[in-house]
Ligand code: ADP
Ligand code: 5GP
């Protein structure tokens, strides 16, 4: 059985970018693909970044007890499919990119989960990155910013906090944590 690594951090902090680098260096790590009711962003592929599902389908999955955890935030549902995660854990360590409520629910379900929080170098830099990505509406940016202070507060309950100043440095620190915890 592999280890479970949970990564959280504000929208736009660079989670996807850093995780892509981490996974490129360690092909043994698997990414847990969540289900979401939000629309795909340009370039996102169904089954790779997320399973993009309707609200009705998501509710059906809740009724079928298909989720290890799920949460409603930023006007959408997000959840970790249980069966897929168990299957991936049989072959190695798995990384989840989920927000703090989900992270704490995972920790409750599996107390050996390792929680890593990615923090921005500054709030201004976070806003610049989110806006610079160019795929999020001003309304969505405001919704996401409203969560930032709360998310930063939750970082105190994580096992590790890593600042994403430079992508390579941040990915390197996460790789060190994984090596220390899983190998
Ligand atoms: P998240 O998955 O946390 O929402 P992304 O990985 O989509 O964030 O990154 C948001 C934007 O910030 C992207 O345009 C990405 O290229 C950029 N970015 C990520 N990490 C860094 C960094 N260390 N320095 C500068 N820009 C970054
Ligand atoms: P985004 O819409 O930017 O991809 O993700 C928004 C937030 O949802 C991020 O904080 C991300 O970590 C979180 N998220 C993604 N998948 C899940 C999930 O399965 N469960 C929970 N609780 N949060 C998730």
>> I need the full set of residues from the stretch 71-100 which are within 6 Å of ligand 2 (Cβ to nearest atom), closer than 16 Å to residue 115 by Cβ and not in a loop (DSSP other than H, G, I, E, B), in order please.
In response: 71, 80, 97
> Could you list, in sequence order, the residues of the stretch 18-37 that are surrounded by 15 or more Cβ atoms within 10 Å (Cβ to Cβ) and either out of contact with any helix residue (DSSP H, G or I) (no Cβ under 9 Å at 6 or more places or on another chain) or not in a loop (DSSP other than H, G, I, E, B) (or both)?
Replying inline: 18, 19, 21, 22, 23, 30, 31, 34, 35, 36
>> Name the single residue that is nearest to ligand 2 (Cβ to nearest atom) among those in the stretch 132-172 being touching a residue at least 60 places away in the same chain (Cβ under 8 Å) and closer than 21 Å to residue 26 by Cα.
In response: 164
>> Just checking, does the stretch 48-65 include any residue being under 26 Å from residue 93 (Cα atoms), modelled with pLDDT of 95 or more, buried (at least 19 other Cβ atoms within 10 Å of the Cβ) and touching a helix residue (DSSP H, G or I) at 6+ places or on another chain (Cβ under 6 Å)?
In response: no
> Assuming residue 91 fulfils every condition listed in (1) under 18 Å from the mean Cα position of the chain (by Cα); (2) surrounded by fewer than 16 Cβ atoms within 10 Å (Cβ to Cβ); (3) in contact (Cβ under 8 Å) with a residue 12 or more places away in the chain; (4) under 17 Å from residue 2 (Cβ atoms) apart from one, which condition is it?
Replying inline: (1)
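The values are calculated or read from the model by the stated rules, or taken from the named source; none is laboratory data. Bear in mind that the values here come from a model prediction, so they are computed numbers and not experimental data. Backbone-built Cβ (ideal geometry, glycine too); neighbour counts: all protein chains shown.
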